[in-house]
Amino acid sequence: MFITFEGPEGCGKSTHAKKLKTFLEGKGFQVLLTQEPGGTQVGKHIRGLLLDPQNVLDEKTEIYLFAADRTEHVSKVIKPALASGKIVVSDRYTDSTLAYQIGGRNLPEDLVEYIVNASSKDLKPDLTILLDVSPEIGIKRATQASAPDRFEKEKLEFHENVRKKYLEIAEKNHSRVKTINTDKKGIEEIQSEIRQIVEKKFRKQ
Ligand code: TMP
């Protein structure tokens with residue numbers, strides 16, 4: 001099974017992806033936890049380029065870097081792990097490109113969709129957990145512990161558009177994408193909802 005975590009800045013997906021891994025391992029599954037960008041050795045360099053607030057990138061350069069990261073990630077990490085019977089949990093995947101590069105950057109939908117399909121080699125997640133958060137709360141959470149990266153530094157409007165696009169994706173793909181709003185919920189409550197969603201998915205498979 002291929003599970004992805006998605007959401008705007010400061011939604012808590014990295015924390016919850018780690019907790020889900022521990023939970024699934026406790027049930028006896030082998031789990032690979034990975035992330036985008038940066039899930040491969042080359043991807044770590046690409047992540048540095050993309051997040052460094054000193055770098056001013058053309059929007060197309062930006063999406064090509066995400067596509068390069070994903071091409072490496074799918075062929076060298078995700079597909080081999082799925083083939084060996086592991087559950088793969090990825091902190092961000094294709095919905096991030098749709099939400100950020102269409103919603104946030106306003107790139108043409110057909111271009112972004114083409115790049116997403118080509119770089120993911122048509123590998124779709126079985127389940128996506130979208131952790132929704134309002135931008136004011138998310139940005140505050142994300143920048144509490146560390147200096148803002150190139151995306152966290154964007155204007156509020158950018159983050160509002162990313163969120164809007166995520167919610168649109170969830171509506172169009174309701175059997176795959178399950179949304180949890182995190183504005184007023186504690187970590188344990190959110191994690192318990194995630195586990196219920198995942199267990200329900202297992203029962204259906
Ligand atoms: P994160 O790993 O801390 O979430 O940071 C990754 C950043 O990259 C985040 O701001 C979202 C952004 N991003 C995109 O804009 N497009 C993509 O395709 C991916 C995977 C991430």
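The values are calculated or read from the model by the stated rules, or taken from the named source; none is laboratory data. Please read these numbers as outputs of a predicted model, since none were measured by experiment. Here the Cβ is made from the backbone with ideal geometry for all residues, glycine too, and neighbour counts use every protein chain on show. We work out accessible area using only protein heavy atoms, side chains counted, and drop any ligands, DNA or RNA first. Shrake-Rupley method; radii C 1.70, N 1.55, O 1.52, S 1.80 Å.
See the values below:
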quantity	calculated
Most to least packed among 177-190, 159-172 [average Cβ atoms within 10 Å]	159-172, 177-190
Cα extents of the chain along the three principal axes, largest first (Å)	45, 38, 32
Mean projected area (nm²) of the alpha-carbon convex hull when region 126-182 is viewed from all directions	4.3 nm²
Förster-model FRET efficiency, 41 Å R0, Lys124 and Gln54, C-beta, rounded to 0.05	0.75
Residue-normalised accessible area of region 2-204, expressed per residue, 1.4 Å probe, Å²	50 Å²
Cα-based shape type of region 4-49, given that a ≥ b ≥ c are square roots of the gyration tensor eigenvalues and the cut on a/c is 1.5	oblate
Of all accessible heavy-atom area on the chain, the percent that carbon and sulfur account for (1.4 Å)	51 percent
Amide H within-cut-off set for Gln35, under 5 Å, with H built and near neighbours excluded	Asp91
Three-way shape label, region 110-154, alpha-carbon gyration tensor, a/c 1.5	prolate
Spatially near lysine pairs across region 5-101, Cα under 25 Å, sequence gap of 8 or more or different chains	28
